[in-house]
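None of the figures in this text is laboratory data; all of them are computed from the coordinates on show. These numbers were taken from a predicted model, which means no experiment stands behind them.
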């Protein structure tokens, strides 16, 4: 783990298609908090206009495995065969040194690992769709993946849903505007060390 004067972190995880990335982007742009987005490392190929160092640190399998061997990652996993994802220790060090609260957009296994590694400095939030049926509809409406790939994602999502008990808070994304506002309130409460809800 990084040994610098550590700041705080907010971890967003969800099944694919739950809307976490949209919520994270809203939080970065509209929360008014000093948040810094943690760019993950991955071995998958860039999609569309994704750029190295901005969306992900794109690495070869050999380069990623070298990072593992040198213990340069806070957490990592092989999400699918040959598809590695992880968080570089240097990324946390960079953001904390800049006085930022580190904001993560990671998958469920990564979120659980980060919560364990960072302890009380991290607030972990599980973004949950209203139902599995809604999740499948959202994935289909993307129009970017085959029916077989969607089936694979749905099978994984069923397991991921069960892992929500390991997160500090659950954020149901039924209405995106409401979910974004609730995410901001959760983040501010964590950063400011104030209770999220107060009794009247």
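Quick rundown of the values:
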| quantity | calculated |
| --- | --- |
| Projected area, mean over directions - segment 62-116, Cα convex hull, nm² | 4.1 |
| Relative contact order, percent, segment 121-200 [alpha-carbon distance under 8 Å, six or more residues apart] | 40 |
| DSSP beta bridges in the chain [antiparallel fraction, %, rounded to 5] | 30 |
| Mean ellipticity per residue at 222 nm, deg cm²/dmol - from DSSP H runs of n ≥ 4 across the chain, formula -39500 (n - 2.57) | -13000 deg cm²/dmol |
| Dimensions in Å of segment 104-156 - Rg and Dmax from alpha carbons | 14.0, 40 |
| Antiparallel DSSP beta bridges within segment 6-87, percent to nearest 5 | 70 |
| The chain: relative contact order as a whole-number percent, Cα under 8 Å and 6+ apart | 31 |
| Per residue, the convex hull volume that the Cα atoms of the chain enclose (Å³) | 131 |
| Whole-number Å³ per residue for the convex hull built on Cα positions in segment 84-199 | 145 |
| Euclidean distance between Cα centres, segment 132-200 to segment 77-99, Å | 21 |
